Amino acid sequence: MNRKLLYLLLLFLASTISSKPVFFLENLNSSRFPNIEIELRENFNHPLSSSNLVLAEDMDGIRTIPADLEIRREKGIEPIQLVVSVQPTDSKAINQWTTDLVISLSTLLNENDRYSVHIQEERRFLYQIHQTTKSLQSGFILPSVDSYSNTLETISILLDKLSVTGKKSPFLVAVIHSKSIPDKIKIVELTKKARQMGIPIHILGFPSEENRKIAEYSDGKFYSLKEKDSTQKLFSDIKQYKMPPYKIRYTSKNKVGFFDEKIISVDLGIMNLQNINSEYELSWSSRIENSIRDPYVFLPVSIFIFMLCISALYLLPRLRYPKFSKNKEKYPELNTKVFDETKAYEQMYGRKEGWEGEAISQYIDEENNLTTNENQIRLPIVGEKYQKAVLIQKSGPNPGKQYTIFGSETILGKSETADFVIWDSFVSNTHAKIINLQDHFILYDLLSDSGVFLNGKKLLRPKVLYDFDEIKVGKTLLIFRGK
């Protein structure tokens, strides 16, 4: 009894601490109640053990303390998304130092990590994704800028482009060389957005009040440029962020019936640091859902459903046509191949008589003279042949950007999974594609919302591209160059 009172006292003392959060609650898994698992992520390097952690649960006003608390951490590293926002200056020396810093940060990452660089340019949005040490060494240049007026606004726009994939938020570092921020009135607005998104803003800059507030209000960390080891501390924290989270496991002492609906609060007290409060809900619907998500239940059920579907696909035609195996010629409709892509193009371009069940290449405009007969014999395509092709962004959010077309198919859109990512709100996730067929580059509209325009005319049929053709997707204009 005395031990429980001591734990409660320690938890109360921990709850009174109002220091900077060092740990973040990443996940609370109650799917195997009463077995609970909690994942804590370190924002900064700090060890966690049963000696400095106190945990208690509260249900219906009754507080209990689990007796089998287990804390462990798996070995290895996890992939992260590192985003660096740098402020250019009119000093060649400072810009070179910043360039060297950006390249040095890339060496901390491996092929599973994602590295993006944002340049705080007020006239345009400069955001380079999927960067590597090699690509930065060959083409990263900072423009010369002598004044700033919207530093925080450019960082706010950057936040709009970021997303939390999985449980781990991006590690965002803002390098600010100016000793004062003209639009400091937007600090509260910016840091509020960062906290709501769960993306702390870490600041590497001079020790000004504005820089410290941005880091503090967004739960980030401030690294002073006046300290010689500031970059070393930043590098160390990034390496620490790549480590797996702490996993806390325990057995809840609360007794809950299957059809009871309860909300259980969880209080985590980390001595001399902070107090973390969370809760989980138990209901019959959530417990059934968790049972389905349980791999020990989901996998057997999925295999059973899969085998059932395979059996149905095998048996249904034979139930409808008992002598199918011996009478294929009697039922030619069963040999017809239907392609999902063909259906999509029928929706976009309409259907032509006699085209049902044929290859999608039939939808190339007649002037290109591309067709396919039943034996898949391709006839020549009318148009220029190119060994290489490049797309140049003439206007839009990132003019001058170039993309070399590789492979047989290139997807254009604003989704990060697209081959050529276009940051344009009027562009669909997968807006258009270019297919390389017999060294001809053919433009398709992928059922986009705003359509595709080729040389000022809306694309109503797939077209073969020629050198200097202008492609408009959304508000962005692209130039096709064939070589």
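The values are calculated or read from the model by the stated rules, or taken from the named source; none is laboratory data. Here the structure is a predicted model, which is why all the values come from computation and not from measurement. Cβ atoms come from the backbone with ideal geometry, glycine included; neighbour counts cover every protein chain shown. The accessibility values were calculated without ligands, DNA or RNA, using every heavy atom of the protein model including side chains. Shrake-Rupley method; radii C 1.70, N 1.55, O 1.52, S 1.80 Å.
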Would you mind finding the one in ASP424, ASP449 that is surrounded by 14 or more Cβ atoms within 10 Å (Cβ to Cβ) and of a type in the set (Asp, Glu)? ASP424
Contact list please: Cβ distance under 6 Å, first residue in region 74-92 and within 20 Å of ILE155 (Cα to Cα), second residue assigned to a loop (DSSP other than H, G, I, E, B) and among the aliphatic types (A, V, I, L, M), pairs at least six apart or on different chains. PRO88/LEU142; PRO88/VAL145
Go through (1) of a type outside the set (Gly, Ala, Ser); (2) over 26 Å from GLN128 (Cα atoms); (3) at pLDDT 90 or above; (4) open to solvent by less than 40 Å² (accessible area, probe 1.4 Å) one by one and return the number of the condition ILE381 breaks. (3)
Of all residues in region 119-157 being crowded, with 19+ Cβ neighbours inside 10 Å and under 17 Å from ILE185 (Cβ atoms), the one that is modelled with the lowest pLDDT: TYR148
Scope region 96-113; condition open to solvent by 70 Å² or more (accessible area, probe 1.4 Å) and touching a residue at least 24 places away in the same chain (Cβ under 8 Å); matching residues: THR107, ASN112
Does LYS167 qualify as being open to solvent by 20 Å² or more (accessible area, probe 1.4 Å), modelled with pLDDT of 85 or more and not β-branched (Val, Ile, Thr)? no
Residue check, LYS226 open to solvent by 80 Å² or more (accessible area, probe 1.4 Å) and not in a loop (DSSP other than H, G, I, E, B): no
Does region 387-396 contain at least one residue that is on the phi < 0 side of the Ramachandran plot, polar (S, T, N, Q) and either open to solvent by 60 Å² or more (accessible area, probe 1.4 Å) or at pLDDT below 50 (or both)? yes
Applying the selection to region 39-68, what residues are open to solvent by less than 50 Å² (accessible area, probe 1.4 Å) and aliphatic (A, V, I, L, M)? LEU40, LEU48, LEU53, VAL54, LEU55, ALA56, MET59, ILE65
Any residue that is under 30 Å from GLU210 (Cα atoms), in a helix (DSSP H, G or I), at pLDDT below 90 and open to solvent by 10 Å² or more (accessible area, probe 1.4 Å) - is there at least one of those in region 241-257? yes
Members of region 125-139 found to be within 23 Å of the chain's Cα centre (by Cα) and within 18 Å of LYS401 (Cβ to Cβ), listed by number: PHE125, LEU126, TYR127, GLN128, ILE129, HIS130, GLN131, THR132, SER135, LEU136
Give the number of residues within region 202-223 that are surrounded by fewer than 18 Cβ atoms within 10 Å (Cβ to Cβ) and among the acidic types (Asp, Glu). 2
Yes/no for LEU460 being of a type in the set (A, V, I, L, M, F, W, C), under 26 Å from the mean Cα position of the chain (by Cα) and more than 18 Å from GLN402 (Cα to Cα): no
Please enumerate the residues belonging to region 459-483 that are open to solvent by 50 Å² or more (accessible area, probe 1.4 Å), assigned to a strand (DSSP E or B) and closer than 19 Å to SER425 by Cα. LYS472
Would you be able to say whether some residue in region 221-242 is closer than 26 Å to ALA67 by Cβ, more than 27 Å from the chain's Cα centre (by Cα) and touching a residue at least 24 places away in the same chain (Cβ under 8 Å)? no
So is ASN29 polar (S, T, N, Q), touching a residue at least 24 places away in the same chain (Cβ under 8 Å) and open to solvent by 50 Å² or more (accessible area, probe 1.4 Å) or not? no
Set ILE434, ILE422: member being free of Cβ contacts under 8 Å to residues at least 60 places away in the same chain, closer than 19 Å to LYS483 by Cα and among the aliphatic types (A, V, I, L, M): ILE434
